[in-house]
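Participant: Here it is: the structure, laid out below.
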Amino acid sequence: MIIVGLGNPGPAYENTRHNAGFWALDLAADRFKVRFGPSPWKARTAAFSFKGATHHLVKPQTFMNLSGEAVSRIMTAEGASPRDLLVVVDDVNIPVGRVRLRPSGSEGGHNGLRSIIGYVGQDFWRLRIGVGKPAGGSGGTGLVDHVLGPLPPPEREILDRVLQDIPDIITLVLLGMGPKAMSRYNSRNHALPPEPSLESPLERKPPERKPPEDGAPPAP
């Protein structure tokens with residue numbers, strides 16, 4: 001499978017919302033114990049074995065609007081079909097704290113997805129990471145400033161919790177369990193406070209009692 005994280009190369013974009021796909025793939029590389037290196041496909045790539053098959057993590061270096069060029073090159077080289085492709089991308093139409101996994105669909109206004117669809121069509125998996133809309137709405141330069149701007153610490157903290165789920169979602173897709181991943185993670189909201197423990201009262205340990213002092217009757 002070809003697993004692509006979208007972003008823009010270079011230190012100027014490293015900590016921007018538009019690079020959420022790059023951040024996600026860095027964690028996937030950690031999970032599968034591989035490192036990214038240069039490739040002939042205008043991308044940094046890392047190959048790993050899982051369940052007897054070789055898969056590729058891909059971070060295009062063509063800039064966002066030309067992502068399809070790098071993706072189509074590696075797909076052609078590997079003989080991969082669109083169903084063998086998973087693209088991880090930021091999405092302003094999804095609130096921070098949420099993800100949305102889908103087996104196909106439109107570009108949803110995202111230039112990176114639009115470029116890929118232009119090369120390979122719509123029938124590939126895409127995992128959208130919510131980065132929310134700018135305060136003034138999603139039109140004009142406000143949107144550009146939003147996706148190419150850094151996240152404030154509270155927002156980055158939420159996104160970091162979201163990113164911890166990404167390797168698990170990728171693993172389920174590799175296992176052919178995409179629908180299970182959708183059911184489990186599309187409804188999860190990391191922006192909400194953690195749910196209280198559902199531990200049964202019968203499972204709780206009784207409080208420890210101090211031994212009685214000399215001459216005092218034992219506690220009931």
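Participant: Order of Leu85, Leu57 from fewest to most other C-beta atoms within 10 Å?
Facilitator: If I rank by nearby Cβ atoms, fewest first, I get Leu85, Leu57.
Participant: Please find, in a Gaussian network model of the chain (springs between Cα atoms separated by less than 10 Å), the residue of Gly21, Gly112, Gly121 whose mean-square fluctuation is greatest.
Facilitator: Gly121
Participant: Indicate the gyration tensor shape class of region 81-169 (rounded, prolate or oblate), computed on the Cα atoms with a ≥ b ≥ c the square roots of the eigenvalues: a/c under 1.5 is rounded; otherwise a/b larger than b/c is prolate and the rest oblate.
Facilitator: oblate
Participant: Let me ask another. Taking other Cβ within 10 Å of each residue's Cβ, how do Met177, Met182, Met75 sort, fewest first?
Facilitator: Met177, Met182, Met75
Participant: Among Leu175, Leu86, Leu148, which one shows the biggest mean-square fluctuation in a GNM of the chain, springs joining Cα atoms closer than 10 Å?
Facilitator: With Cα springs under 10 Å in the chain, the top fluctuation among Leu175, Leu86, Leu148 is at Leu175.
Participant: Jot down the radius of gyration and Dmax of the chain, Cα atoms only, both in angstrom.
Facilitator: In Å, with Rg to one decimal and Dmax whole: 22.1, 86.
Participant: Calculated from DSSP H runs of 4 or more alone, at -39500 (n - 2.57) each and per residue, what is the 222 nm mean residue ellipticity of the chain, nearest 500?
Facilitator: Here the helix-only value at 222 nm equals -9500 deg cm²/dmol.
Participant: Let's see if you can work this out: charge +1 on each Lys and Arg Cβ, -1 on each Asp and Glu Cβ, no other charges. What is the dipole magnitude of the chain about its Cα centre, in debye to the nearest 20?
Facilitator: 520
Participant: Starting from the amide H of Ala191, placed 1.01 Å from N in the peptide plane, find each other amide H under 5 Å away whose residue is 5 or more places distant or on another chain.
Facilitator: Long-range HN contacts for Ala191: none found.
Participant: Using the number of other C-beta atoms within 10 angstrom as an exposure proxy, rank Lys180, Lys133, Lys59, Lys51 with the fewest first.
Facilitator: Ranking Lys180, Lys133, Lys59, Lys51 by Cβ neighbours within 10 Å, fewest first, gives Lys51, Lys180, Lys133, Lys59.
Participant: Could you please state, rounded to a whole Å, how far the C-alpha centre of region 45-104 is from the C-alpha centre of region 174-193?
Facilitator: After rounding, the separation between the Cα centres reads 18 Å.
Participant: To continue, here is another question. For region 1-85, what class follows from the C-alpha gyration tensor (a ≥ b ≥ c being the square roots of its eigenvalues): rounded when a/c is under 1.5, otherwise prolate if a/b is larger than b/c, else oblate?
Facilitator: In terms of gyration-tensor shape, oblate.
Participant: While we're here: Quote to one decimal, in nm, the extra length available between Asp168 and Ser106 on full extension: 0.36 nm per residue of separation minus the C-alpha distance between them.
Facilitator: This chain segment gains 19.9 nm when fully extended.
Participant: Taking H placed 1.01 Å from N in the peptide plane, check which residues at least 5 places from Val88 or on another chain put their amide H under 5 Å from its amide H.
Facilitator: HN-HN under 5 Å from Val88: Val4, Gly5, Leu6, Leu127.
Participant: Under the definition of Cα pairs under 8 Å and six or more residues apart, what whole-number percent is the relative contact order of the chain?
Facilitator: It comes to 22 percent, rounded to a whole number.
FYI, it's all coordinate maths here, none of it is from the lab. Not measured: the values here are computed from a predicted model. A quick note on method: Cβ atoms are made from the backbone with ideal geometry, for glycine too, and the neighbour counts reach across all protein chains shown.
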